[in-house]
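Q: Pasting a structure below so you can have a look.
The values are calculated or read from the model by the stated rules, or taken from the named source; none is laboratory data. Owing to the predicted nature of the structure, the values given are computational and were not obtained by experimental measurement. Note: ideal-geometry Cβ built from the backbone for every residue, glycine included; neighbour counts use all protein chains shown. Surface areas here come from the heavy atoms of the whole protein model, side chains and all, with no ligands, DNA or RNA. Shrake-Rupley method; radii C 1.70, N 1.55, O 1.52, S 1.80 Å.
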Amino acid sequence: MPTAVALCGVAVLLGTAGLALVARGRAAAISKLVYAVCLAAAVVLLLAGCVHLIFIQGRAEPVVLPIGLPWIGAHFRLDALAAFFLIVVNLGAAGASLFAIGYGEHETAPERVLPFYPAFLAGMNLVVLADDAFSFLFAWELMSLTSWALVLAHHRDPDNRHAGYVYILMASFGTLALLLAFGLLAGGSGGYAFDQMREGARVLPALVLILALLGAGSKAGLVPLHVWLPLAHPAAPSHVSALMSGVMTKVAVYGFIRIVFDLNGAPAWWWSILIIALAGITCVMGVLSALMQHDLKRLLAYHTVENIGIIFIGLGLALAFSAHGLSAPAAMAFTAGLLHVFNHSLFKSLLFFGSGAILNATAERDMEHLGGLIHTMPLTAFAFLTGCAAISALPPLNGFVSEWLTFQAILLSPTLPSWGLKLIVPAVGAMLALSAALAAACFVKAFGVTFLGRARSVAAQSATETDRCSLTAMFAFAGLCLLAGILPGLFIDALAPVAQRLLGASMPTQSFIPWLSIVPIAESRSSYNGLLVFVFVGVSALAAVQVIHRYASRELRRGPAWDCGFPDPDPATQYTADSFAQPIRRVFGAVVFRARERVEMPPPGDAHAARLTVTLRDLIWDTLYAPLARAIALAAEKLNRLQFLTIRQYLSLVFAALVSLLLVLSIWS
Amino acid sequence: MGGVSFDVAHMLAGGLVLVSFMLLYQERIFALLNVFALHALVLSASVAWQGLIQEAPHLYITAGIALVLKAFIIPIALHRIVMGLGIHRSIETVVGIGPTMLAGIGLVALSMVVMLKATTASAASPLAREDLAFALSVVLLSLMMMVTRRNAVSQVVGFMSLENGLILAAAGAKGMPLVVEMSVAFSVLVAFIVIGVFLFRIRERFDTVDVQALDAFRGERR
Amino acid sequence: MVVILDLILGLVVQGLQMVLVLALAPLLLGFTRKVKARLLRRRGPPVLQPYRDLLKLIRKEAVLAQNASWLFRAAPYLIFATTWVAAALVPTFATGLSFNWAADLIALTALVGSARFLLALVGMDVGTSFGGIGSSREMLFASLAEPAMIMIVFTVALVAGSTQLSAIANFMLDNATLRVSLGLAATGLVIVAVAENARIPVDNPATHLELTMVHEAMVLEYSGRHLALIEFAAALKLLLYVSLIACMFVPWGIAPAGAGIGAMAWGLLTYVGKLFAGGFLLVLAETSVAKMRVFRVPAFLGIALMLGLLGTLLLFVSRSF
């Protein structure tokens, strides 16, 4: 039943897309209506997913529609994994639609956004619901193409055009990899339904894993396939960026889990080493790149890459444990990864909503032109601060819980007998800790330069608070972040059926533990209680306030800033984003980005300003993509000569092809 | 014996590995010589402890020789040579501390894999093989130090610390006859005297002991 | 009935612990200042001076910059609260604290990290260049000190079998041995403690020169009761790290779970002794070395990270390290 309800919701979304396409002449007028319908559909789908995950928990009956390939039709089915990801997708979609009701009024080209947005939501939901390879791939392509159209919504900007170009290339490459993976999974019998794939014999499972990593990993943002992400995510409108970063990457994670954990059968011992190593590198590269940015949305996009790395560390550890038959630690690592999926979709969407609100208020994305927004946009600032604190893994918010669980999974890893894992897991643990600390630095920079300090431009000075719908969406997500942080046991229990279905074990039930702590393995080993930490900190802070205000002093006076006696009225003298990141750039960036600083001082007597130039190189682009592009261009150049041959040469080509095929036929009996 | 004695042996061997790491990033020559003296001190303590738990009195003599020769005589003599060469104020830029340390940890991991995984068939107990793993790490780290250094005196120190690692391995492996130890020590002394003489000759002739610069005088190019 | 009595006793011990850390933190600070002065052949301020300083500051009127925001006003209370809660979680004189299971070592590191996050934010709040210097340098040091701390936590947790502080303390009390990985972890923790508490050679807690400021630069604009809370939080952080080193590596004297009043009194006495010994050793080290250039500190902290990584790697390879 929930499957049918979900499919009806998707049909509503597709109908809305059609309606928006037809009525695109009056797009501005129907904008609120379209987003409200999307919100309603997303809520219905969310409820369908919740009902399935909490009450049914098993596998539902498939719904077979007579569309698609004639001999299989289109299968759609909800099971525990699909239900969880349906919840993630539609929570993000509901939030983005609510945000867009207010944000969409400022859209300059609504006719380029409105027809594709409901289709994008429909595509993501269909990927999660699909139960055979054809509908999966069709929905995946629908998702990619509609998001590509949304990236190109403001197509007059050459940066956006470049972003769209790179995005469609990488998306097509990813779909090709997934197509080949499903082809291998279908095997010789050609059974494309997922049930048939589960029962069939395994053909080259290692190649399937690598293809899944290429296909789903490129959509999720694993290094080195992440290059499209920081270009495309900022180019789209902010509610779509939130969906792409917070939700579409999770759909890619769903694809990966479905192929590797469900359809591909028992894992080999070395698969997890590859995944964990890639994930560790992704974490560190993502956060270091984010620290070098001063465009707020690009910073958030690079940060998504880091969090995908954290998710894949959890998934890789789960694969490692299950390959060696340790199902309880596998369940814990898997739950840690999935919990981070949920948490990340919450706080990344919240942060993108905040950047959208800033973009609306000031028309600026560059942090170097912002500042002091905490005075003019106080509510947005509070919600954004909650998102920053959550993403930096600070207790008692939710980012800390999933990171804590991942650390506990790493602490269980010495029981793994493989030597490769023994050497790689401590290294990846250090990389995870390093990226968590760098993430905190990154968000101190993001919040500090954007919201605190003094306004660096007229636009920042004259900003006003955003509308109520956007604020409601932001505060709803901020509240959910706090809730997931102080009641993590409930969310872990909701994830138990997913782990049970895929790994055969699940974490112990957390809801009945006294005081609502979470105890992943055993009481004496480790436990964490977010609620108590929150209560303790809150009570201590309030007690300090009361005691001091009653018995000491509560007087306050305003005066000019002290600044050691030399306050400078020019807001350009305060720290900028690049200057904040300079120490870290000097320590880490010299090796990773070949960061070089050059100072050009004018000669004495010359009144011109000195110039400081910082050069950073994206080594992955330079060593992997640029040579590849050059090689393809060279090959295309050479092959172009085929256009200009004489008639005799064409005929001789045909003759040579015919003769060689006949030879092959005669030799190969 | 058991627990505590093995723990102390591991502690001393691990301390030797740590001092080898310290040797990697010293930039000033006098500091390098002091750390080398510390290296020899920890080695002699480790060998003396092995003598205690194996009840092999000849190891005390080895420890004594290491202490007197390598912790006092050789560093003091190298001190004099460096003063004589006039290079005591030079700063030797070390090749990137971060990557060097990471490579060092990689070498420790490699020696762990070799000693604990690849040699599981051997008769020695796992605890003795762990001590051997530390000794192999010291050898590899000293080799890396010789590779990343430009100054000839630093390379001599690297060579000496490599030999310290070999002495630790031999002491841990139960039974290195005294004769072998004495001959090794004397050969070290002779080699060191020869090296010292040669360093002065090189300095006189080429005005530098920087091995990169010496490469320019090699003759026909490849 | 016995259960309720146990519960009440546990709560009393926990409450006593919270008051104890609050009371002892300024004393430790005053003691270190006095010893430092004596080592430098000065007379130095009285040992109880920090208490008087805090009382004086609390009663003063707070002067805020014109453009200071609500975050600037609220942050000192939150910084103080998080540091106090973190300090109250470390076993000092007894291991069986009632709420010890609420947060383990990783959560403790993250709580200290939250305090630092807020402090770095308020450094950026008023929009002066001094605050920016402090915040950016502090986040550089944190980006290396926090992973070093986590690797040290891993090493100790792999030896003791748990990340819970009371379990670690009990384990160390029962199986006190010299192990390579614990030696590496102890050295790393000392380095991290020096860096996190802004002591020489990382930062000078008594300086007001721009070139040498990190922690002081972030709190430059604070005055009155806000400054009192921040200084109290800094003293609590020093107490936290010294207690952590004492609890994990020098645990003799701590009363195990369920011990009587006599054992707890002895635990209290040994704890105060360990605090003073730790303070003395810290000051001795501080007076022996000079402060490092800012860009040498990452190498210093990198050593702690390498020590932690080496310790964890050794324990992953073989449990007997």
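Q: Which pairs do you get when a residue that is within 10 Å of another protein chain (Cβ to nearest Cβ), found in region B:115-140, comes within reach of a residue that is open to solvent by 20 Å² or more (accessible area, probe 1.4 Å) and modelled with pLDDT under 75, reach meaning Cβ atoms under 9 angstrom, with the pair 6+ apart or on two chains?
A: B:Leu116/B:Pro126; B:Pro126/B:Thr120; B:Arg129/B:Thr119; B:Arg129/B:Thr120; B:Arg129/B:Ser122
Yes or no, residue by residue, for (1) of a type in the set (Gly, Ala, Ser); (2) within 20 Å of the chain's Cα centre (by Cα):
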site	(1), (2)
A:Gly399	yes, yes
A:Gln408	no, no
A:Leu412	no, no
A:Ile424	no, no
A:Leu438	no, yes
A:Arg468	no, no
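Q: Now, a different point. Could you please give the count of residues in region C:172-210 that are under 27 Å from C:Phe232 (Cβ atoms), open to solvent by 30 Å² or more (accessible area, probe 1.4 Å) and outside any loop (DSSP other than H, G, I, E, B)?
A: The number of residues fulfilling the criteria is 2.
Q: Now for a different question. So, in region C:97-124, exactly how many residues are at the interface with another protein chain (Cβ under 7 Å from one of its Cβ atoms) and without any contact (Cβ under 8 Å) to a residue 60 or more places away in the chain? Before you say what the answer is, go through the steps one by one.
A: Initially, region C:97-124 is screened for residues at the interface with another protein chain (Cβ under 7 Å from one of its Cβ atoms), giving C:99, C:101-104, C:106-107, C:110-111, C:113-114, C:117, C:120-121, C:124.
Retained after the next criterion (residues that are without any contact (Cβ under 8 Å) to a residue 60 or more places away in the chain): C:102-103, C:106-107, C:110-111, C:113-114, C:117, C:121, C:124.
Count: 11.
Q: Oh, and also: Just to check your reading of the model, which residue among C:Ser135, C:Ser129 is farther than 23 Å from B:Val8 by Cα, surrounded by fewer than 22 Cβ atoms within 10 Å (Cβ to Cβ), of a type in the set (Gly, Ala, Ser) and within 10 Å of chain A (Cβ to nearest Cβ)? Step through it out loud before you land on a result.
A: Values: C:Ser135 fails: surrounded by fewer than 22 Cβ atoms within 10 Å (Cβ to Cβ).
Exactly one of C:Ser135, C:Ser129 is farther than 23 Å from B:Val8 by Cα, surrounded by fewer than 22 Cβ atoms within 10 Å (Cβ to Cβ), of a type in the set (Gly, Ala, Ser) and within 10 Å of chain A (Cβ to nearest Cβ), namely C:Ser129.
Q: Could you tell me how many of the residues in region A:501-520 are closer than 14 Å to C:Trp101 by Cβ and either open to solvent by 40 Å² or more (accessible area, probe 1.4 Å) or over 27 Å from the mean Cα position of the chain (by Cα) (or both)?
A: Selection size over region A:501-520: 7.
Q: Which of the residues spanning region C:41-68 are crowded, with 18+ Cβ neighbours inside 10 Å and among the polar types (S, T, N, Q)?
A: C:Asn67
Q: In addition: On the basis of being in a helix (DSSP H, G or I), within 16 Å of A:Met244 (Cβ to Cβ) and open to solvent by less than 10 Å² (accessible area, probe 1.4 Å), does A:Gly314 make the cut?
A: no
Q: Of all residues being open to solvent by less than 10 Å² (accessible area, probe 1.4 Å) and of a type in the set (Gly, Ala, Ser) in region A:340-371, which is farthest from the chain's Cα centre (by Cα)? Just the residue, please.
A: In this case the residue turns out to be A:Gly371.
Q: Please tell me if C:Leu108 is in contact with a helix residue (DSSP H, G or I) (Cβ under 6 Å, 6 or more places away or on another chain), assigned to a helix (DSSP H, G or I) and farther than 30 Å from C:Trp252 by Cα.
A: no
Q: More than 14 Å from chain B (Cβ to nearest Cβ), over 15 Å from the mean Cα position of the chain (by Cα) and free of Cβ contacts under 8 Å to residues at least 24 places away in the same chain: is that true of C:Ala167 in this structure?
A: So C:Ala167 fits the description; yes.
Q: While we're on this one: For the condition open to solvent by less than 20 Å² (accessible area, probe 1.4 Å) and part of a helix (DSSP H, G or I), what is the one hit in C:Met248, C:Met264?
A: C:Met248
Q: Assess whether C:Gly311 counts as being assigned to a helix (DSSP H, G or I), in contact (Cβ under 8 Å) with a residue 40 or more places away in the chain, facing chain A (nearest Cβ under 10 Å) and open to solvent by less than 20 Å² (accessible area, probe 1.4 Å).
A: Numbers: assigned to a helix (DSSP H, G or I): yes; in contact (Cβ under 8 Å) with a residue 40 or more places away in the chain: yes; facing chain A (nearest Cβ under 10 Å): yes; open to solvent by less than 20 Å² (accessible area, probe 1.4 Å): yes.
In short, yes.
Q: Between A:Ser517, A:Ser413, which is of a type in the set (Gly, Ala, Ser), out of contact with any Ser or Thr (no Cβ under 7 Å at 6 or more places or on another chain), assigned by TED's automatic domain parsing to the domain that holds A:Asp295 and closer than 30 Å to A:Gln57 by Cβ?
A: When all the criteria are applied, what remains is A:Ser413.
Residue-wise test of (1) more than 10 Å from chain C (Cβ to nearest Cβ); (2) open to solvent by less than 90 Å² (accessible area, probe 1.4 Å); (3) in contact (Cβ under 8 Å) with a residue 60 or more places away in the chain.
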{"residue": "A:His549", "(1), (2), (3)": "no, yes, no"}
{"residue": "A:Leu556", "(1), (2), (3)": "no, yes, no"}
{"residue": "A:Asp563", "(1), (2), (3)": "no, yes, no"}
{"residue": "A:Pro571", "(1), (2), (3)": "no, yes, yes"}
{"residue": "A:Thr576", "(1), (2), (3)": "no, yes, yes"}
{"residue": "A:Phe580", "(1), (2), (3)": "no, yes, yes"}
{"residue": "A:Phe588", "(1), (2), (3)": "no, yes, yes"}
{"residue": "A:Phe593", "(1), (2), (3)": "yes, yes, yes"}
{"residue": "A:Asp606", "(1), (2), (3)": "yes, yes, no"}
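Q: Right, here's the next one. Do you know which residues across region C:45-94 are of a type outside the set (Phe, Trp, Tyr), under 20 Å from the mean Cα position of the chain (by Cα) and facing another protein chain (nearest Cβ under 7 Å)?
A: The answer is C:Leu78, C:Ala81, C:Thr82, C:Val85.
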